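Engineer: Below is a structure I'd like to ask you about.
Computed from the coordinates by the stated procedures, all read-outs in this text should not be read as laboratory data. Just so we're clear, the structure is a prediction, and the values are computed from it rather than from any experiment. Cβ placement follows ideal geometry from the backbone for every residue including glycine, while neighbour counts extend to all protein chains displayed.
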Amino acid sequence: MVKGRRYNLTKAAKRIGVHRLTLYYWMKKGWIKLHRDHRGFPVFTEADIKKIILWHKKLR
């Protein structure tokens, strides 16, 4: 169960500073872990977004 504020793929990508298709590509490759809502759509918590931002900064 995901608690706290949740973001969909588009809003999470905007918060991270990448295109949503980039985020989708990372998910498809298995580079980032995600949660899914009751409809099966990916959702990201604030903690997930912080982890992804830190990971993305290391890549640069």
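Engineer: Taking 8 Å as the Cα distance limit and 6 or more residues as the minimum spacing, I'd like the relative contact order of the chain as a percentage.
Structural biologist: Here the relative contact order equals 41 percent.
Engineer: How big is the charge dipole of the chain about its Cα centre, in debye rounded to the nearest 20, if each Lys and Arg gets +1 on its Cβ and each Asp and Glu gets -1 on its Cβ?
Structural biologist: Charge dipole, the chain, about its Cα centre: 120 debye, nearest 20.
Engineer: Using a ≥ b ≥ c from the Cα gyration tensor of the stretch 1-40 (square roots of the eigenvalues), is it rounded, prolate or oblate, where a/c under 1.5 gives rounded and otherwise the larger of a/b and b/c decides, a/b for prolate?
Structural biologist: Taking the square roots of the gyration eigenvalues as a ≥ b ≥ c, the stretch 1-40 is oblate.
Engineer: Between the helical axis of 20-29 and the dominant principal axis of the chain, each derived from Cα atoms, what acute angle in degrees is found, rounded to the nearest 10?
Structural biologist: Value to nearest ten degrees: 90.
Engineer: I've got another one for you. Along the charge dipole of the chain, Cβ charges K/R +1 and D/E -1, which of ILE53, GLY4, ILE32 sits furthest on the positive end?
Structural biologist: ILE53
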